[in-house]
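Asks: Below: one structure in structure tokens.
The values are calculated or read from the model by the stated rules, or taken from the named source; none is laboratory data. No experiment lies behind these values; they were computed from the predicted model shown. Positions of Cβ are backbone-derived with ideal geometry, glycine not excepted, and every protein chain shown enters the neighbour counts.
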Amino acid sequence: MDDPCIFLTVLMFAVAVVVPVRGGPVSVAYLQQRENLLRADRQTGLGANLVLNVQEQMLDKIILREKKALMDPSIYNRTIYSPSLSFYKSKATMEKTNLFKIIQSMPKGGILHIHDLAMGSLDWLVKNATYREHIYMCVDKDSFINFAAFLKPPQNPDFHFTSILPQVEAEFDFLRGGPSC
């Protein structure tokens, strides 16, 4: 290398790449900060405070093993990772996996992760989640609307739960030309 500028540029690049990887004080501080951020993130996630029983821990290990089995080939062999593809292209492949079969057999008590467009329109959600018998609402002290499901609403002086079903039925009657409220 006859040009000193090129030599210095290459040397500075080499130092910048090699120094943090060699385990100097920068990388130790970075790893500690990274671990702190990951720990804080885990503590704020959905279910972070849940304590799994022995059976749930066993199932968790099985699910994590199956997830790893799906990811490892793409990491180590540079093959295509199906979940990174368009849903329409990967759906058939994903449905054949052990992980899909495990999740498919589980009860669906809650949604852990969903994209807003995948869950349906806001109209659908409002009609199907709120316009039902035993669904009540109340407005809290901060003016937030809370929805809850009860066979019979609790008697609580701080929260007055009311059913919105009669109001909704009256509005639908009005729209259909029926009696108004």
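Asks: Only one of these conditions is not met by LEU99: (1) modelled with pLDDT of 75 or more; (2) within 29 Å of PHE161 (Cα to Cα); (3) not in a loop (DSSP other than H, G, I, E, B). Which number is it?
Replies: LEU99 satisfies all of (1) modelled with pLDDT of 75 or more; (2) within 29 Å of PHE161 (Cα to Cα); (3) not in a loop (DSSP other than H, G, I, E, B) except (2).
Asks: Here is a follow-up. Is it true that PRO166 is farther than 30 Å from PHE87 by Cα and at pLDDT 70 or above?
Replies: So PRO166 passes the test.
Asks: Checking the conditions here, which among ALA40, ALA48 is modelled with pLDDT under 90 and assigned to a helix (DSSP H, G or I)?
Replies: On the way: ALA48 fails: assigned to a helix (DSSP H, G or I).
From the options ALA40, ALA48, the qualifying one is ALA40.
Asks: Going by what's in this entry, would HIS115 be described as surrounded by fewer than 11 Cβ atoms within 10 Å (Cβ to Cβ), under 29 Å from GLY47 (Cα atoms) and modelled with pLDDT under 75?
Replies: Spelling it out, HIS115 is indeed surrounded by fewer than 11 Cβ atoms within 10 Å (Cβ to Cβ), under 29 Å from GLY47 (Cα atoms) and modelled with pLDDT under 75.
Asks: So CYS5 fits all but one of (1) surrounded by 10 or more Cβ atoms within 10 Å (Cβ to Cβ); (2) in a helix (DSSP H, G or I); (3) at pLDDT below 80; what number is the exception?
Replies: Tallying (1) surrounded by 10 or more Cβ atoms within 10 Å (Cβ to Cβ); (2) in a helix (DSSP H, G or I); (3) at pLDDT below 80, CYS5 fails exactly one: (1).
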